[in-house]
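Note sheet for the following structure.
The values are calculated or read from the model by the stated rules, or taken from the named source; none is laboratory data. None of the values given here were measured: they were computed from a predicted structure. FYI the Cβ positions are ideal-geometry reconstructions off the backbone, even for glycines, and counts take in every protein chain you see.
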Amino acid sequence: MSKNRSMLIIPGNSPKGLQNAPVFYPDLLVLDLADGVPFEDKDSARLLVKEAIGFMDYENTQVVVRINSLQSGFGAKDIEVITPVQPVAFVIPQGSVEQLQDIEILLTESEKKAGLKEGSIGLIPVVDTVKALEQMSSLLNTSPRIKSAFFNAEGLAQELGIIRSKEGDEILYARSKFAMACRVAGMNSFDTSFIDSNDYEGLEKDCFKARNLGFTGKAAIDGRQIDTIHKIFV
Amino acid sequence: MKNSVGREIPEYIEGYGQVKPFGGALANYGERTKTSVKLRSVKPGDNKLVETIDEVLDKVGIRDGMTVSFHHHLRNGDYVINLVMEAIAKRGIKDITVAATGIFKIHEPLVDYIKSGVITGISVNYIAPGPVATAISKGLLKKPAVLMSHGGRPRAIESGDLHIDVAFIAAPTADFYGNMNGVHGKAACGTLAYAVSDAQYADHVVAVTDNLVPYPACPIEISQDYVDYVVKVESIGDPNGIVSGTLTVTKDPVGLRIAKLAAQVIEATGYIKEGMSFQTGAGGTSLAVAAEVRRFMKEKNVVGSFAAGGITGYMVDMLNDGLFRSLFDVQCFDLKAIASMRDNPKHQKMSGSLYGNPHNRGAVVNNLDVMILGATEIDTDFNVNVVTGSDGIIIGASGGHNDTAAGSKLAIVVTNLTKGRLPVVKDQVTTVTTPGETIDVLVTERGIAVNPARQDLIDKLKDTDLPIVPIEVLKNIAERLTGKPEPIKFTDQVVAVVEYRDGTVIDAVRKPL
Amino acid sequence: MKINKTAQAGALESSDVLVTVEPNPDGGIKVELETKRVIQKQFGKQIEKVILETAQQSGAEDVLIKAQDKGALDYTFRARVQAALQRASL
């Protein structure tokens, strides 16, 4: 059984990052087409990620792709282009029941076109809005494809005008709510990433806190964070 | 003929002579005779101080065909090689062999002297990628260059294989009677270790200084009894090119990953222990290994006996933090290292011969437990190339590579598996610098390979969760990413002879097509 | 696929390649690779083949493809050539 302790998020338009990522042995490798890619590079990042998945030595990790939301106008094309190279899952930003329902239809169609069995590609909704947080249980039940969810505190902070801190007191409620909802649904829960990639001690504390709140794993923005995450989440 | 690492070498190389083929790292020990030294004794009242380099050239009787030597402690800030060679060239002298311990970009003027036949031979143990290295690769030098190691050069000098007519020793500080040190003066460089054999064995020894101080120039490193003449020039070097800025541990996540794996190998094989000795290079990944080793040493509360080699501020910090009892320093890389060597008796300098000469009564490398090395290429027999790029152009020389690999108990090569598009692990390296029998472990970001000859290490590592794989697997991963490189085509012209530390020929560099 | 204009994809960053495509008035697909000598010597032919095949598979005709390489691997050449061609055919 694959472990689900860590997800390393790598911008999808940087060949160097795509090539270096597997050496950190993250449980999930998130190739990012959304936040990590500027608007004008969305098309070329999509192609780069598609080609990288077929080419790179990603055997020791579960490759997932964070696509753009459908409302951004890029999401549908992301699904269409990436589905044939069969990532383990798509990560869906601004997860909402409505969007996930639409994606379910698009993805089923794309799988058919690519000759894949229906449901072979999973979905990992990102909870980064207040609405999604309060819809957690229905959100997680939208599709049988959903086995994990990802709590992104930065999105929430933006929406609410929260100023983030390393200690994370300001997101205590959201974290707790998210982690518990995932537990109830029997799903993997990934905590928001720790932003200071040079502060290993802070990261370790943050991992410990998340684990105690009920999270089963954590996102990382730098390969150097993976070992610490694996130390805490076992 | 083929030598014992399977390289095809001519039996006789024009401009070099009869070839003694490499026959194994330990094939060449035993009874040795040092060469005799010719000198002119100095009587009371004799004056050693000379006004100009030109005048020195008269005094030493410079003439066609001579060998002149230099050290590279001033690195890319050195003015002395260029100053002396300019003066020699002006006299219309030809056919000079430059025996320099190191050549850098700043020595570009040598290219013109190579073209005009002033310089027809070069012997060097460190060469930075750049104009002179490229000129050698193009075959512009009349005789093949001889690439040695830091220990091989003093061996060659002491045995008489490399005879030096005049040694020009850049001296950051000197007195009128030839005592020198490298720790004072505006061109301070720390130790003068690489010049010690030159001073002891050359027919004529000249101190070239820009900081003439009242007698005696303490703390003396090279003493007056070896020195014929002292000449003062305006400047021997540019301090900015001599010492590096702050050399720091890499922040590159992949470099750190490699460093961490390397330290875990050291720990798992039992070398993090009381009295351990350790050497690493000054590169970012090498220093990162030091940082990880430091962490293990602190955790286990062990104190090492010594760290050696070119010394950086980072190693000085480890000394001062009590992680090592002493340092052996052959080259100071930064101001912190210079100050420490000057002020701290635990920070010991060592000559090139003491550092790595295989034919003295035991070099410091023999006492090394763990050595961290780099590689431009490494083959599936663990042979390492640091001499030529994958296109066959010269980009370096052994330096201490094959000395420390041979001496240390655990020689670890740390490198990225691929550098950009270039695979580092290959079926065959372009040039062999260090024989695979002296390399124990290869650590890359995509896996670790242990030399099958080291069954003891394999046994110790097999129950760890370290990613240990056969080296062929690493080669295949590299080639899957980069593609299989097309072989580079070479002409038959030998442009450089790669001598192993014992003076046998381990490879020949041919001119690329 | 008709190439209507000049377009680029990729970047001059380490491990990437900047691909510029433009209509080729002389007809056919022409590939121009700019890279380090050490890469050219060992991988030049392989890279040019990857670029050419990618262009053919994309159905591009009459195009001049210039690749300024910074040590990219094959998959990056494929992705950047496809992206540049798509942008030029809009």
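Against the test of being crowded, with 16+ Cβ neighbours inside 10 Å and within 14 Å of another protein chain (Cβ to nearest Cβ), the options C:Val31, C:Val50 yield a single qualifying residue, C:Val50. When you scan region A:58-87, how many residues do you find that are buried (at least 21 other Cβ atoms within 10 Å of the Cβ), of a type outside the set (Val, Ile, Thr) and outside any helix (DSSP H, G or I)? Going through region A:58-87 one residue at a time, the tally reaches 3.
Listed here are the helices (runs of 4 or more DSSP H) enclosed by region B:398-513 that have at least 2 residues being under 20 Å from A:Asn60 (Cβ atoms), among the acidic types (Asp, Glu) and touching a residue at least 24 places away in the same chain (Cβ under 8 Å): B:471-482.
Annotation note: of B:Leu74, B:Leu83, the sole residue that is within 22 Å of B:Ala170 (Cα to Cα), touching an Asp or Glu at 6+ places or on another chain (Cβ under 9 Å) and surrounded by 12 or more Cβ atoms within 10 Å (Cβ to Cβ) is B:Leu74.
Among the criteria (1) in contact (Cβ under 8 Å) with a residue 40 or more places away in the chain; (2) within 23 Å of B:Ala207 (Cα to Cα), the one B:Lys34 does not fulfil is (2).
Against the test of being modelled with pLDDT under 95 and closer than 24 Å to A:Ile229 by Cβ, the options A:Asp32, A:Asp27, A:Asp57 yield a single qualifying residue, A:Asp57. Checking each residue in region B:395-407 for being hydroxyl-bearing (Ser, Thr, Tyr) and either in contact with a helix residue (DSSP H, G or I) (Cβ under 6 Å, 6 or more places away or on another chain) or in the same structural domain as B:Thr134 (by TED's automatic domain parsing) (or both) picks out only B:Thr404. Scanning region A:25-53 for residues being within 22 Å of B:Gly447 (Cβ to Cβ) and surrounded by fewer than 23 Cβ atoms within 10 Å (Cβ to Cβ) gives a total of 3. Condition check: in the same structural domain as B:Thr209 (by TED's automatic domain parsing), buried (at least 17 other Cβ atoms within 10 Å of the Cβ) and without any contact (Cβ under 8 Å) to a residue 60 or more places away in the chain. Does B:Ile88 satisfy that? Yes, satisfied.
Within region C:15-28, the set of residues being surrounded by fewer than 21 Cβ atoms within 10 Å (Cβ to Cβ) and in contact with a Gly (Cβ under 6 Å, 6 or more places away or on another chain) comprises just one member, C:Leu18.
Go through region A:200-230 and report how many residues are assigned to a loop (DSSP other than H, G, I, E, B) and either within 14 Å of A:Met7 (Cβ to Cβ) or among the charged types (D, E, K, R) (or both). Number of matching residues: 4. The residues of region B:467-495 that are more than 10 Å from every other protein chain (Cβ to nearest Cβ) and touching a helix residue (DSSP H, G or I) at 6+ places or on another chain (Cβ under 6 Å), listed by number, are B:Ile468, B:Val495.
Among the residues of region B:228-287, those that are assigned to a helix (DSSP H, G or I), among the hydrophobic types (A, V, I, L, M, F, W, C) and within 14 Å of another protein chain (Cβ to nearest Cβ) comprise B:Val254, B:Leu256, B:Ile258, B:Ala259, B:Leu261, B:Ala262, B:Ala263. Scanning region B:113-161 for residues that are part of a strand (DSSP E or B) and surrounded by 21 or more Cβ atoms within 10 Å (Cβ to Cβ) yields B:Ile119, B:Ile122, B:Ser123, B:Val124, B:Asn125, B:Tyr126, B:Ile127, B:Ala145, B:Val146, B:Leu147, B:Ser149.
Within region A:206-231, the residues that satisfy the criterion of being surrounded by fewer than 21 Cβ atoms within 10 Å (Cβ to Cβ), more than 14 Å from every other protein chain (Cβ to nearest Cβ) and in contact (Cβ under 8 Å) with a residue 24 or more places away in the chain are A:Phe208, A:Lys209, A:Leu213, A:Gly214, A:Thr216. Only one entry in C:Ile29, C:Ile51, C:Ile65 is in contact with a Phe, Trp or Tyr (Cβ under 9 Å, 6 or more places away or on another chain) and farther than 23 Å from B:Asn416 by Cβ, namely C:Ile51. Of all residues in region A:30-46, those that are assigned to a helix (DSSP H, G or I) and not hydrophobic (A, V, I, L, M, F, W, C) total 6. Give the residue, chosen from A:Val49, A:Val23, that is within 11 Å of chain C (Cβ to nearest Cβ) and either among the basic types (Lys, Arg) or part of a helix (DSSP H, G or I) (or both). Every option except A:Val49 fails the conditions. Within region A:7-20, how many residues turn out to be farther than 13 Å from A:Ala89 by Cβ and away from chain B (no Cβ under 14 Å)? Within region A:7-20, residues that are farther than 13 Å from A:Ala89 by Cβ and away from chain B (no Cβ under 14 Å) number 2.
Table: residues versus (1) among the hydrophobic types (A, V, I, L, M, F, W, C); (2) in a helix (DSSP H, G or I); (3) touching a residue at least 24 places away in the same chain (Cβ under 8 Å); (4) on the phi < 0 side of the Ramachandran plot.
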{"residue": "B:Gly23", "(1), (2), (3), (4)": "no, no, yes, yes"}
{"residue": "B:Lys38", "(1), (2), (3), (4)": "no, no, yes, yes"}
{"residue": "B:Pro44", "(1), (2), (3), (4)": "no, no, no, yes"}
{"residue": "B:Ile62", "(1), (2), (3), (4)": "yes, no, yes, yes"}
{"residue": "B:Thr101", "(1), (2), (3), (4)": "no, no, yes, yes"}
{"residue": "B:Val111", "(1), (2), (3), (4)": "yes, yes, yes, yes"}
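Restricting B:Ile13, B:Ile62, B:Ile53 to residues that are in contact with a Leu (Cβ under 7 Å, 6 or more places away or on another chain) and modelled with pLDDT of 95 or more narrows the list to B:Ile53. Residues in region C:57-79 that are assigned to a helix (DSSP H, G or I) and within 14 Å of chain B (Cβ to nearest Cβ): C:Asp74, C:Tyr75, C:Thr76, C:Phe77, C:Arg78. Would a scan of region C:17-28 turn up a residue that is in a strand (DSSP E or B), more than 9 Å from the chain's Cα centre (by Cα) and away from chain B (no Cβ under 11 Å)? Yes, because at least one residue in region C:17-28 is in a strand (DSSP E or B), more than 9 Å from the chain's Cα centre (by Cα) and away from chain B (no Cβ under 11 Å).
Does B:Gly392 meet the test of being of a type in the set (Gly, Ala, Ser), in the same structural domain as B:Ile468 (by TED's automatic domain parsing) and farther than 23 Å from C:Lys70 by Cα? The answer is no for B:Gly392.
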